[in-house]
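Since the structure comes first, as structure tokens, the remarks are kept for the end.
The values are calculated or read from the model by the stated rules, or taken from the named source; none is laboratory data. A quick note: this is a predicted structure, and the numbers were derived from the prediction, not measured. Ideal geometry is used to build each Cβ from the backbone, glycine not excepted, and the neighbour counts take in all protein chains shown.
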Amino acid sequence: MANETTERVLESRIQLRNDTAANWAAANPVLLKGEIGIELDTRKIKVGDGTTDWESLKYLSDDIVLSETNPTDSDAQYDLGELWLNQADGKIYILIAKTDTAAVWTRIATADELAVVAEAETAQRLKTPRKIEISGDAEGSADFDGSEDANIEIVLKNSGATEGTFTKFTINEKGLVIKSELLTAEDIPELTLAKITDAGTAAARNVGSKAGDLLELGAGGKIDKKYLPPIAITEPFAVSSEEEMLALNCQKGDVAIRSDESKSYILKTVPASKLENWLELQSPDCKINSVNGKIGAVVLTTADIEEKDNLYFTEDRAKASFADNFAQTSSTDLTDGETILHATDTIILNGGNA
């Protein structure tokens with residue numbers, strides 16, 4: 001049975017590390033990985049990584065850099081995707097690549113600039129629309145001005161072959177079908193059985209009664225009895241005495257079931273009138289006549305067997321034994337004792353890794 005997890009509510013309060021912005025800057029500590037630090041006067045938050053000091057950590061709210069100038073390739077201390085707003089001219093940049101010492105900032109186009117680009121795309125159409133045509137063994141055409149893809153529907157010229165299902169074709173030097181017709185008997189070459197892979201082994205056999213031949217069924221769908229060997233069928237005979245068994249008209253392999261002695265015999269050779277020609281069939285010899293003085297279909301209960309040193313199970317005995325032994329057992333000795341919370345334990349609240 002799987003262990004069940006019991007949830008418990010501990011009455012506790014958690015206080016995160018906090019101070020004013022000035023005190024944080026003066027102390028400049030290194031926060032543990034995942035440790036949270038709060039500036040009470042600015043309500044800003046930083047999260048430690050275990051190696052970076054406070055002043056070098058970014059605030060969680062640092063989503064965009066506000067500046068009066070454009071970013072340079074030396075502004076590489078930011079994360080990829082960082083936005084930079086030059087408040088002097090209203091231009092926005094995004095950090096798309098960086099190394100430890102160099103950064104690549106790309107300016108994001110404004111709505112007005114995007115409108116100009118859209119006009120330029122329209123101006124890239126062909127000044128004079130053109131028609132593209134296909135000729136030769138196929139025909140087709142389409143108008144094209146550069147504004148969108150052009151689709152040409154090709155129509156093949158009539159090759160001279162008629163419509164239908166055929167097995168024989170004539171192809172010209174271009175690989176086109178110019179004639180279609182059906183196979184005739186003269187088109188099919190003679191094949192030996194060795195070149196036919198799915199004929200089966202029976203195709204190479206003759207009909208007859210020799211070794212390796214196939215038997216032919218008669219008009220009634222049966223094999224002629226001349227091909228079948230004689231079959232001996234064992235029959236059982238119920239008799240009540242040895243005299244009745246010896247008087248049986250039976251053949252080798254027949255069985256006589258003797259009711260006078262609850263035994264069975266099989267005829268190992270004819271004639272059946274000789275006792276030595278009969279072989280007794282072995283049957284299990286049961287040595288048990290009774291169980292605990294009872295015969296027949298015996299069912300024993302605890303009332304039939306004395307307890308002695310082995311006491312029977314009862315609900316009252318089980319409850320009493322559990323109560324006596326459990327009261328003397330320490331919780332630390334239980335199989336799940338390490339998961340039990342004790343009043344003397346020290347509780348450590350650990351957020352763990354991501």
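For the reader, a short list of remarks on this structure follows.
- Glu113 falls short on exactly one of the conditions (1) closer than 30 Å to Ser147 by Cα; (2) at pLDDT 85 or above; (3) of a type in the set (Asp, Glu), and that condition is (2).
Here's the yes/no breakdown for (1) among the polar types (S, T, N, Q); (2) touching a helix residue (DSSP H, G or I) at 6+ places or on another chain (Cβ under 8 Å):
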position: Gly218; (1), (2): no, no
position: Asp224; (1), (2): no, no
position: Glu235; (1), (2): no, no
position: Asn249; (1), (2): yes, no
position: Val270; (1), (2): no, yes
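- Qualifying residue in the stretch 62-77 (condition: loosely packed, with under 14 Cβ neighbours inside 10 Å and among the aliphatic types (A, V, I, L, M)): yes
- Selection from the stretch 78-94 of residues that are touching a strand residue (DSSP E or B) at 6+ places or on another chain (Cβ under 7 Å) and either loosely packed, with under 11 Cβ neighbours inside 10 Å or not acidic (Asp, Glu) (or both): Tyr78, Leu80, Gly81, Leu83, Trp84, Leu85, Asn86, Gln87, Lys91, Ile92, Tyr93, Ile94
- Residue ID - surrounded by the most Cβ atoms within 10 Å (Cβ to Cβ), chosen from residues in the stretch 184-196 that are outside any loop (DSSP other than H, G, I, E, B) and over 52 Å from the mean Cα position of the chain (by Cα): Asp187
- When Ala138, Ala120 are screened for being modelled with pLDDT under 85, touching a strand residue (DSSP E or B) at 6+ places or on another chain (Cβ under 6 Å) and not aromatic (Phe, Trp, Tyr), only Ala138 passes.
- Residue in the stretch 24-33 that is closer than 30 Å to His342 by Cα and either assigned to a loop (DSSP other than H, G, I, E, B) or at pLDDT below 90 (or both) present: yes
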